[in-house]
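Read the structure below first, then the notes.
Nothing in this text is a laboratory measurement; each read-out follows from the coordinates by a stated rule. Owing to the predicted nature of the structure, the values given are computational and were not obtained by experimental measurement.
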Amino acid sequence: MTPQMQTVAKTSGDVTAWGALIGWFVGVLPNIATALTVLWFAILIAEKITGKPMNELVKCAYTWIKGLRG
């Protein structure tokens, strides 16, 4: 994925998440939309704290869990 495509995807996710959160406050959207919004913001926070994109964090977590199992 090119950096431009990553920026577009991240911006789209941010706008969608904010819209879902505002919709929940207004009472228009169900709880599932709120849960997905919280998940999206958790991903953003994890990326900001670690400085790594989510796909690298998932690979690292998978390797760590795989090492625990065997």
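Scanning the stretch 27-70 for residues that are part of a helix (DSSP H, G or I) and among the charged types (D, E, K, R), which turns out nearest to residue 2 (Cα to Cα)?
Only one residue fits best here, namely 56.
Report whether or not residue 24 is among the aromatic types (Phe, Trp, Tyr), over 15 Å from the mean Cα position of the chain (by Cα), part of a helix (DSSP H, G or I) and more than 26 Å from residue 59 (Cα to Cα).
Here the answer is yes, as residue 24 does meet what is asked.
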